[in-house]
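All of the numbers you see were taken from the coordinates with simple rules; none came from a lab. Worth saying up front: this structure is predicted, and the values here are computed from it rather than measured. When we count neighbours, we look across all protein chains shown, and the Cβ atoms used for this are built from the backbone with ideal geometry, even at glycine.
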Amino acid sequence: MDIFFSSLLLIVVTELGDKTQLLSFALASRFQRHWSILGAIVVATIANHLIAAFAGDFIAKLLSPNLLAVLVGGSFIGFAIWALLPEEEEEERISDRFGPFLTTLLLFFLAEMGDKTQLSAAALGAKFQKPFLVVAGTTCGMMLVNGPSVWLGKKIHKLIPAKAIKFIAATIFLIFGLLTLATLLVR
């Protein structure tokens, strides 16, 4: 269960204020079909994070434990720095040509490609080498953040300052990175 909860916690703090959370707000206000949007977010997240977690697991099996610890720990520290950088504003063109489910599925899946949450899922897959537990945790984490985003929209964003969210996310990434690097000292 440590793998599940570690994955969940890391994704929750990573996703708060992220572009995909903002995309959830936008899609919910555009379509007003909350269940379709939530279902598409779940499917897109599972698909995206399965790819990432299995890629991380595969790479972990190719590397020595020490090199893996350095790469994963360094990645988490890099994510801490990345979390503090300002997000680029992206204008998303949302087409209702495909309906709320398919539009959300495609936009969410593509928005997650190369995103901090996908890269975190890959790093967690490499660290724990239990991709299904990682994906279960990351998917639940995504839904803990994006579910309320879909239902409550912009009200939530006004309650939690973006700078506080970024600082908390950076701190948790730094802790994960340092703990991973600390495993080198006990080997």
(request) Grab the DSSP H runs of the chain that are 4 residues or longer, score each as -39,500 (n - 2.57), total them, divide by all residues and round the 222 nm result to the nearest 500 deg cm²/dmol. (result) -27000 deg cm²/dmol
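Sort Leu110, Leu23 so that the residue with the fewest other Cβ atoms within 10 Å of its own Cβ comes first and the one with the most comes last.
So the residues, fewest neighbours to most, are Leu110, Leu23.
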(message) Going through the cross-link list Lys19/Lys61; Lys127/Lys166; Lys61/Lys166; Lys130/Lys163, which pairs have a Cα-Cα distance over 25 Å in this structure?
(response) Lys19/Lys61; Lys61/Lys166; Lys130/Lys163
(message) Full-extension gain between Met113 and Leu152, please, as 0.36 nm times their residue separation minus the C-alpha to C-alpha distance.
(response) 11.5 nm
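Taking the convex hull of the alpha carbon atoms in the chain, what volume per residue do you get, in Å³?
On the way: hull volume 19.2 nm³, N = 187.
It is 103 Å³ per residue.
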(message) Over the chain, with a Gaussian network built from C-alpha contacts below 10 Å, which listed residue (Leu63, Leu105, Leu27) shows the highest mean-square fluctuation?
(response) Leu63
(message) Using Cβ contacts closer than 10 Å as the measure, can you line up Val42, Val134, Val12, Val186 from fewest to most?
(response) Val186, Val42, Val12, Val134
(message) Using Cβ contacts closer than 10 Å as the measure, can you line up Asp115, Asp2, Asp18 from fewest to most?
(response) Asp2, Asp115, Asp18
(message) With a cut-off of 8 Å between alpha carbons and a minimum separation of six or more residues, what is the relative contact order of the range 1-152 in percent?
(response) 54
(message) Multiplying the sequence separation of Leu144 and Leu67 by 0.36 nm and subtracting their Cα-Cα distance, what value in nm do you get?
(response) 24.4 nm
(request) Mind giving me the nanometre distance, one decimal, between the label points for Ile81 and Leu178, set 7 Å out from Cα along Cα→Cβ? (result) 1.7
